[in-house]
Amino acid sequence: MKHLARWARAEWGLLYVTVREPLLKRRRRAVPMTLSAVCLTAVLQVVQNQPWGFGFVQDVGAVRAEDPLWLSLLRTPLSVFVPALDLPVWGALAQILLVFGIAELCLGWWRTLGIAYAATLAGTLYARLGIRLGPHAPLGLPASDARVVDTGPSAAVVCLAVYLCWRYGAHVTAAAVTLAMIAEVLVKDNLAGKEHLAALAGVVVLCAAAQWRRRHRRSTARVGSGSGLPPIQSWKARRGRDQRRSCR
């Protein structure tokens, strides 16, 4: 049990410390964007299940590969919060509340939305490319997928989770989420699963860009607690010093 607790602290400790303080101090006021996103998703779910509202939600938030690209780009911001009709909405609401909430506390609301939109856009653009390649290409899609509505909040949730895990040192969790998405495609080869993988590829590019930027900054300014180390290494160094002191 001690080994499991030690592993959990090493895996999620920095993320927990980052989230805990602002959440305890400000509570609901710490995540206004997340609460707004949950409410918006719930409202869109109610509206799209009404005879008078289904067409409206489709017109403003449903993205398909057969649509003109400019129209898809206009719909993409709202499409992130349109839940899938064939899945229980409570799952989407719980995912948004948990992952968007943690991301907003750690990254800020504007960066959280930026990553969410980038992930969704990566999936949207992949769908168009896959259909153009055709079903016989390794990354291709059948022409019938052009009429399928793109994935909603799920791609954004997955990519935010992986980005947070990478940024805060939870590498095992990030690998587990990635492997789960690969398994999803192997078990159920559909458009949503492949869009998740395309979105993950997009977040890998974001992680690489952030790593390059961090290394560039490290050469000109100190990062973290003033030790010259990035946040994850600085936190681990402090944790190691505290453990050594407790053993004396």
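Just so it is clear, none of the values below were taken in a lab; they were calculated from the coordinates. Since this is a predicted model, take the numbers as computed values, not measurements. Glycine gets a Cβ as well: all are built from the backbone with ideal geometry, and neighbour counts include every protein chain shown.
Dipole check for the chain: with +1 at the C-beta of Lys and Arg, -1 at the C-beta of Asp and Glu, and the Cα centre as origin, the magnitude is about 2160 Debye. Here is the tail figure for the stretch 3-56: Cα pairs spaced more than 18 Å apart come to 59 percent of all pairs.
Approximating the spin labels as points 7 Å out from Cα along Cα→Cβ, the R132-to-W110 distance works out to 3.2 nm.
Comparing Q48, I182, G169 along the charge dipole axis of the stretch 11-241, the residue lying farthest to the positive side is G169, per the Cβ-charge model.
For the stretch 88-93, the Karplus equation 6.51 cos²θ - 1.76 cosθ + 1.60, evaluated at θ = phi - 60°, returns couplings of x, 5, 4, x, 5, 5 Hz by residue, with Gly and Pro reported as x. In this structure, A94 and D189 have a Cβ-Cβ separation that, at R0 = 30 Å, corresponds to a calculated FRET efficiency of about 0.70. Note on the chain: helix-only mean residue ellipticity at 222 nm, from DSSP H runs of 4+ residues weighted -39500 (n - 2.57) and normalised by residue number, equals -23500 deg cm²/dmol. With contacts taken as Cα pairs under 8 Å at a separation of at least 6 residues, the chain carries a relative contact order of 19 percent. Ordering A103, H216, A137 by the projection of their Cα atoms onto the charge dipole of the chain, which places +1 on the Cβ of Lys and Arg and -1 on the Cβ of Asp and Glu, puts H216 at the extreme positive end. For the pair R9 and W52, label points projected 7 Å from Cα toward Cβ lie 5.9 nm apart.
Under the shape rule built on the C-alpha gyration tensor, where the axes satisfy a ≥ b ≥ c, the chain is prolate, since a/c reaches at least 1.5 and a/b is greater than b/c. Simple point charges give the picture: +1 on the Cβ of Lys and Arg, -1 on the Cβ of Asp and Glu, and for the stretch 110-200 a dipole about the Cα centre of about 180 debye.
For the stretch 110-134, the residues whose backbone nitrogen is under 11 Å from a point 7 Å from the Cα of L40, taken along Cα to Cβ, are 113-114, 117.
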